[in-house]
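**Q** A single structure is presented below for examination.
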Amino acid sequence: MSVRKHLVFVFTILTLLLGSFAFYTLADKSDEKPADLEKRALKAYTEKTYSKALPLYEKLLASKASAAVLRDAELKVVICLARLRQYDKSLERGQAYAKALAGTVWAGRHQRTLGGIWYHKPHYGYRKGGKTTWGRHVQGGTYVNSQASDMENAVKSYEAARNNFLALDAMRRVGQVKKGEAPPLPEILGTNGELATALSMLSQRRYHRLRPGFVINPPKVYDIKKLNLEERLIFIYDELYRLAAEGGQRRVQAVALYHKGMHFRRMRNYRRQQDSSKLDPAVPELIKRYRDPIPLFERLLAQFPKQKIVVDARIALGMMHRMQGRYLAAKTQFERVIEDFPKSTWVSDAKHYIAYMTREEVTVTTLGHFDPKAKKEVTIGTRNLKDFTVRIYPFDLAGFSNEGSILSDYRISLGQINSVYHSLALVKKYAGKQLGQ
């Protein structure tokens, strides 16, 4: 037998053996117990090999596993589809499961998962041939941007999950449902936190006027028909703080206070840029009285001094003091960051802010246009200076402006003179020898 025929014979034998092994292996797997199948699926899911986990969970759904295992497999299928970028299929399956499981804790879990998919999925793509592909764009396709609608759907899904969880938790408290049929506290807190994140994102995209009555008398019911985005967001922060306090979750309490303060800070800065004539006259005063973020951050520092979020709160508080001209108070907050959190990434920022506030500075401001007959005024501001000297030089502005008629800007400066004429001769001519020197 030639060497070539010998190799072909060996290769054929090996192929038959491997095929037989694969056949018997698959035959064995077809009769795999649900518990073993669940174990393999969970292993693939934990290792983030979703392409392997998905068919295993689909197979588990067709098995005679317990109801709890099947409910978990349904949720994992939705997540795997989203991880594999099959967003439309994932949303379709999740919505179908949530509808079929209405009134159970699993409906809330699917709604929470749907909220996460709406929030994190790519919000742009292209439509071509009746099919939409998310996350990229190609020539010949119609560009699609769905960020606004995706955020709205995320909020709706999170709100549905929150309502489901709180209703079941209330029923658990009075013994109407068993403990395992209601969500644990961390799941409720996590859902509220994700809802607050989605509301905050949607709130920053739109401008909603405040309702002064809400600031004075906060509502007791989360009513999406009566509350605008800011009101709903503040309500969720307060609810998150209350639920965390009941469960002894101090870290969540501190985080809720911090984000509520940051929301107040954004709203104050945003409304400062708006035309005040379009706002209710009572709103600015109510913002000043009830929505000042500084007391919230001070409360956080006093009640939760050992929480990690404290360093972020001190930076935010220092920045607000600095923007309002309270430099000593701001410097104190930045110094505490350096002393109490020497390994924090915020230390370099704190040092920069301190250096900026402690440097010597002189500012000179004046009107852009002068009436030749009016009194000339110049405002001089100083910082970190006890004494300084100001020298005033006469300048023939009219003569200089008419020189050559080649100036393209009505603003006059020594730098401009030098850049235009490449000489200080005109300075000496119109400002005198002393300034030229």
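The values are calculated or read from the model by the stated rules, or taken from the named source; none is laboratory data. As the structure is a prediction and not an experimental result, all values here were calculated from the model. In this analysis, Cβ positions are derived from the backbone assuming ideal geometry, glycine residues included, and neighbour counts consider all displayed protein chains.
**Q** Of these, A170, A160, which one is assigned by TED's automatic domain parsing to the domain that holds G94 and under 25 Å from Y87 (Cβ atoms)?
**A** Every option except A160 fails the conditions.
**Q** Sticking with this structure for a sec: Search the stretch 178-222 for residues being at pLDDT 85 or above, assigned to a loop (DSSP other than H, G, I, E, B) and touching a helix residue (DSSP H, G or I) at 6+ places or on another chain (Cβ under 7 Å), and hand back the single one that is nearest to R251 (Cα to Cα).
**A** Out of the qualifying residues, it is P183.
**Q** Of everything in the stretch 283-317 that's more than 30 Å from K351 (Cβ to Cβ) and surrounded by fewer than 13 Cβ atoms within 10 Å (Cβ to Cβ), which residue is modelled with the lowest pLDDT?
**A** So the residue we want is R289.
**Q** Name every residue in the stretch 164-176 that is surrounded by fewer than 18 Cβ atoms within 10 Å (Cβ to Cβ) and either of a type in the set (A, V, I, L, M, F, W, C) or in contact (Cβ under 8 Å) with a residue 24 or more places away in the chain (or both), in order of residue number.
**A** A167, A170, M171, V174 - these are the residues of the stretch 164-176 that are surrounded by fewer than 18 Cβ atoms within 10 Å (Cβ to Cβ) and either of a type in the set (A, V, I, L, M, F, W, C) or in contact (Cβ under 8 Å) with a residue 24 or more places away in the chain (or both).
**Q** Would a scan of the stretch 373-385 turn up a residue that is polar (S, T, N, Q), touching a Gly at 6+ places or on another chain (Cβ under 6 Å), more than 29 Å from I309 (Cα to Cα) and surrounded by fewer than 10 Cβ atoms within 10 Å (Cβ to Cβ)?
**A** The answer is no; no qualifying residue exists.
**Q** Going by the conditions given, is N145 free of Cβ contacts under 8 Å to residues at least 24 places away in the same chain, more than 20 Å from R71 (Cα to Cα) and either crowded, with 17+ Cβ neighbours inside 10 Å or assigned by TED's automatic domain parsing to the domain that holds F235 (or both)?
**A** Criteria met by N145.
**Q** Taking interchain pairs and intrachain pairs at least six residues apart, which have beta carbon atoms under 8 angstrom, with the first residue in the stretch 104-117 and over 14 Å from L91 (Cα atoms) and the second of a type outside the set (A, V, I, L, M) and not in a helix (DSSP H, G or I)?
**A** Here the result reads V105/P183; G108/P183, each pair linking the stretch 104-117 to a residue that is of a type outside the set (A, V, I, L, M) and not in a helix (DSSP H, G or I).
**Q** Follow-up question, since we're still on this one. Just for helices (runs of 4 or more DSSP H) wholly inside the stretch 289-365: which have at least 3 residues that are over 30 Å from T389 (Cα atoms) and either touching a His at 6+ places or on another chain (Cβ under 6 Å) or charged (D, E, K, R) (or both)?
**A** Answer list for the stretch 289-365: 327-340.
**Q** Could you go through the stretch 329-352 and let me know if any residue there is exposed (fewer than 14 other Cβ atoms within 10 Å of the Cβ), of a type in the set (S, T, Y) and more than 21 Å from I234 (Cα to Cα).
**A** Yes, some residue in the stretch 329-352 is exposed (fewer than 14 other Cβ atoms within 10 Å of the Cβ), of a type in the set (S, T, Y) and more than 21 Å from I234 (Cα to Cα).
**Q** Can you tell me which residue among A100, A73 is buried (at least 22 other Cβ atoms within 10 Å of the Cβ) and within 22 Å of G180 (Cα to Cα)?
**A** Only one candidate qualifies: A73.
**Q** Return the residues of the stretch 47-92 that are farther than 20 Å from K33 by Cα and not in a helix (DSSP H, G or I); say none if nothing qualifies.
**A** E47, K48, T49, L84, R85, Q86 - these are the residues of the stretch 47-92 that are farther than 20 Å from K33 by Cα and not in a helix (DSSP H, G or I).
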